[in-house]
Amino acid sequence: MKPLPATTTPELNDDFALFERILGFVPNSLLTMQRRPAMVKGFGALTRAVMDPDGDVDLGFMRLVAHFSSRAAGCQYCEAHSLIAAEIHGIAPEKVEAVWEYRTSPLYTPAERVALDFALAAGAVPNAVDAELMAAMNEHWSEAQIVQILGAVCLYGFLNRWNDSMATDLEDAPKALGDAVLARGGWTGGKHVTNDDTSPAE
């Protein structure tokens, strides 16, 4: 389904502005979703609650959590989007570039490694979070932080299903980051990237 111009629904100007601040552009997912304006507003409200700047977890790291849960779900659109958002929200470029080596890279702390393992497990179907992993989370993160981290997984769970079902076209900036960083791990953009003949990529 094709995205509509952002000017189609003036009542969503403030909601679209939120996502411009997060990503640097209005995502095609919301430009498609605006056919039901209340859904965009509801998703914006949930995003504000989960990605609360007054929360206990760094907002850049929250986007890395979203990246790993999207990786588990297989949504290549959200993988690229969450990674560019992580960089916009303060994750150093070298840390973004080391995202495939998070378990061994000294740029990632033990607490971060556990949380990213948790994001992979929570984003998987069937869910792979077990008592051992939750115990490890409790060693490094408070209950409030765990709730916030899981909130990012669940927020992107909605987006994963939306964007993969809609085959949302990937915008230029996240595609460039995907090609530069994620392609090393097998990322291609999949159905979210159009070939020259305008047919969906396999």
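The values are calculated or read from the model by the stated rules, or taken from the named source; none is laboratory data. Predicted, not measured: the structure shown is a model, and the values here were computed from it. Heads up, the Cβs are rebuilt from the backbone with ideal geometry, glycines too, and the neighbour counts pull from every protein chain shown. Note: accessible area is taken over every heavy atom of the protein model, side chains too, but ligands, DNA and RNA are not part of it. Shrake-Rupley method; radii C 1.70, N 1.55, O 1.52, S 1.80 Å.
About the Cα centre, and with charges only on the beta carbon of Lys, Arg (+1) and Asp, Glu (-1), how big is the dipole of the chain? Nearest 20 debye, please.
460
Can you tally the net charge around F43? Count Lys and Arg as +1, Asp and Glu as -1, for every other residue whose Cβ sits under 11 Å from the Cβ of F43.
Cβ neighbours under 11 Å give a net charge of +2.
Once the Cα gyration tensor of the stretch 125-181 is diagonalised, what are the square roots of 5 times its eigenvalues, in whole Å and ordered largest first, as equivalent ellipsoid semi-axes?
Values for the stretch 125-181, descending: 30, 15, 11 Å.
So in the chain, which Cys have no other cysteine's beta-carbon sitting under 4.7 angstrom from theirs?
By the Cβ distance rule, which asks for a partner under 4.7 Å, the isolated cysteines are C154.
Once every DSSP H run of n ≥ 4 in the chain is given -39500 (n - 2.57) and the sum is divided by its residues, what mean residue ellipticity at 222 nm do you get, rounded to the nearest 500 deg cm²/dmol?
Here the helix-only value at 222 nm equals -18500 deg cm²/dmol.
So how much slack lies between E94 and R21, counting 0.36 nm per residue of separation and subtracting their Cα-Cα distance, in nm?
Computed gain between E94 and R21 is 24.1 nm.
Under a 1.4 Å probe, what is the accessible area of the stretch 45-202 per residue, stated in Å²?
46
Counting Lys +1, Arg +1, Asp -1, Glu -1, what net charge surrounds A124 among other residues with beta carbon under 12 Å of its beta carbon?
Combined, the nearby Lys, Arg, Asp and Glu give -1.
If you average 1/r over every pair of different alpha-carbon atoms in the chain and take one over that average, what Kirkwood value in Å do you get?
Hydrodynamic radius (Kirkwood, Cα pairs) of the chain is 17.2 Å.
Provide the packing ranking of 62-72, 158-168, i.e. peptides ordered by the mean count of other C-beta atoms within 10 Å per residue, highest first.
Result, highest mean Cβ count within 10 Å first: 62-72, 158-168.
I'd like to know which of A98, G185, N127 lies farthest towards the positive end of the charge dipole of the chain, counting +1 on Cβ of Lys and Arg and -1 on Cβ of Asp and Glu.
Farthest towards the positive pole: N127.
What is the gain in length, in nm to one decimal, between A49 and A144 on full extension, counting 0.36 nm per residue of separation less the C-alpha to C-alpha distance?
Contour length minus the Cα-Cα distance gives 32.9 nm.
For a test of understanding, tell me how many lysine pairs in the chain have Cα atoms under 25 Å apart, given they are 8 or more places apart or on different chains.
Lysine pairs, 8 or more places apart or on different chains, close enough: 5.
For E11 and A124, FRET efficiency with R0 = 41 Å and r from the beta-carbon atoms, rounded to 0.05?
With a Förster radius of 41 Å, E is 0.65.
State the Cα centre-to-centre distance between the stretch 118-195 and the stretch 1-61 in whole Å.
If you average the Cα positions of each part, the centres end up 18 Å apart.
Go through 177-190, 17-30 and give me the packing order, highest mean Cβ count within 10 Å leading.
My ranking of the peptides, most packed first, is 17-30, 177-190.
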